[in-house]
Amino acid sequence: MKNILTTLLLIATLQLFSQIPQAFNYQAVARNSSGAVIAGQNISVKFTILDGYPGGSLVYMETHSNLMTNQFGLFTTEVGKGTVVTGTFNAIVWSTGHKYLKVEFDPNNGTNFADMGTTQLLSVPYALYAVTSSNGPQGATGVTGPSGDTGLIGLTGATGATGTPGNGTVNGTLNYVAKFTPDSTTLGNSQIFDNGTNTGIGTVTPHVKLSVAGAALAKTLSVTDADFAGNTTECDNCYNNLVFADRTTAVTGISIRCSDYFEGSINMNGAKMPDLLEDSAVWYGATGVTTAGSATNTQDVGADNITHACNCPDNFIATGIELYASDRLDGRMKLRCAPLKAGLTTTNTGIGLRSAFNLPYENVDNTRFMGLCPFGMYMKGISIYAAGKLDNQLCIYCTGIRDN
């Protein structure tokens, strides 16, 4: 049974838009082999564009399905907007050679297409041809017209009226940096306090150039802020004492050389901190307050193979050390401690935080043992293990300083 497609209208419209639609309209009436229209039914159509002649090379192919006919068998679609089988519609070169449209049809809306014939595209599609055609030559530049006369300068406008005075006010307290309050028209106190020497955030007693309440202070040291103290004392059954000349220099590192005599050659590194430490000092042994050259509140010398330790109380920093050399090791050890200024506290309590920089951590003789606090921390405590060799396992314990 042969089906029939009666092509009613094949339209390509030249539209003066900045972008040409890449398609052209196709309209036909679907009939069966008896010539009766196929009304109110979905059908499918396949379009093929051939180059040069009816049997020429295939340029483009697409299919359309679910095309509904009306009561007269009429359906309309757009070539170029179907399901592409092969080729690219907007790549067709309309300006060279004849183009032919082959139409195939399946009345059952499937893919069993029957050939309905091939027709040359004549006046279609001009707009698509215009897209690929070349432009004509540019015309000659026209003669430049004469320049117009310069216009007159306008009159100066009148001075505007003086505006209404603003209603902003400034309130604040001496040394506080001002900020806008929530009403956006009034200045009040911020959290920043500047006394002309130091600046504090959340505190009115800043102790360094920038002090933040509750934060640990990290004091950057210059060469003039660093200090060193050392001795070469080697004796037995005697006190070996080493302190900084002033009482506001905090110990940041210590080393002790073990020799045939106990506690020979003590060295200390320090940081000068008169802005953080009070100019006073108290000696503390293992169990409380003591004095230099005294055994009060200290671990006695009559114990071996044990750890000897002492530390400054909370809110104090070590500024010196004293040890007693005897046939037993590390007796009567004590630290000279300076209190922090008001508003400052140590970040670590008790003996402090053990430093990772302690070496050598072993039982040897005629060797220098040393320990260092990390940057921004200062010595609060010390421990030494008494063994058959001198000063085994020297450890220092450190703390930071917090501005409250």
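The values are calculated or read from the model by the stated rules, or taken from the named source; none is laboratory data. A quick note: this is a predicted structure, and the numbers were derived from the prediction, not measured. We place every Cβ from the backbone using ideal geometry, glycine too, and count neighbours over all the protein chains shown. For accessibility, only protein heavy atoms count, side chains too; no ligands or nucleic acids. Shrake-Rupley method; radii C 1.70, N 1.55, O 1.52, S 1.80 Å.
Summary table
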| quantity | calculated |
| --- | --- |
| All positions within region 37-59 that are out of contact with any Leu (no Cβ under 9 Å at 6 or more places or on another chain) and among the hydroxyl-bearing types (Ser, Thr, Tyr) | 53 |
| Search result, residues across region 69-87 that are over 26 Å from residue 31 (Cα atoms) and open to solvent by less than 40 Å² (accessible area, probe 1.4 Å) | 87 |
| Condition check for residue 57: at pLDDT below 95 and open to solvent by 60 Å² or more (accessible area, probe 1.4 Å) | yes |
| Some residue of region 290-312 being assigned to a strand (DSSP E or B), over 49 Å from the mean Cα position of the chain (by Cα), surrounded by 16 or more Cβ atoms within 10 Å (Cβ to Cβ) and at pLDDT 90 or above | yes |
| Strands (runs of 3 or more DSSP E) contained in region 173-231 and holding at least 1 residues at pLDDT below 80 and surrounded by 14 or more Cβ atoms within 10 Å (Cβ to Cβ) | 176-180, 186-194, 199-201, 210-212 |
| Complete set of residues in region 155-172 that are modelled with pLDDT under 80 and either open to solvent by 100 Å² or more (accessible area, probe 1.4 Å) or part of a loop (DSSP other than H, G, I, E, B) (or both) | 163, 164, 165, 166, 167, 168, 170, 171, 172 |
| Residues located in region 30-52, provided they are open to solvent by 20 Å² or more (accessible area, probe 1.4 Å), over 17 Å from residue 113 (Cα atoms) and either polar (S, T, N, Q) or at pLDDT 90 or above (or both) | 34, 37, 39, 40, 51 |
| Odd one out for residue 111 among (1) outside any strand (DSSP E or B); (2) in contact with a strand residue (DSSP E or B) (Cβ under 6 Å, 6 or more places away or on another chain) | (2) |
| Residue match in region 269-288 (condition: at pLDDT 90 or above, open to solvent by 40 Å² or more (accessible area, probe 1.4 Å) and of a type in the set (A, V, I, L, M)) | yes |
| Tally of residues being within 17 Å of residue 286 (Cβ to Cβ) and at pLDDT 95 or above across region 325-341 | 3 |
| Exclusive hit being exposed (fewer than 15 other Cβ atoms within 10 Å of the Cβ), touching a residue at least 24 places away in the same chain (Cβ under 8 Å) and closer than 20 Å to residue 22 by Cα, set 90, 108 | 90 |
| Region 359-374 - residue that is modelled with pLDDT under 70 and among the polar types (S, T, N, Q) and, of those, farthest from the chain's Cα centre (by Cα) | 366 |
| Hits in region 270-285 (condition: farther than 10 Å from residue 320 by Cα and not in a strand (DSSP E or B)) | 273, 274, 275, 276, 278, 279, 280, 285 |
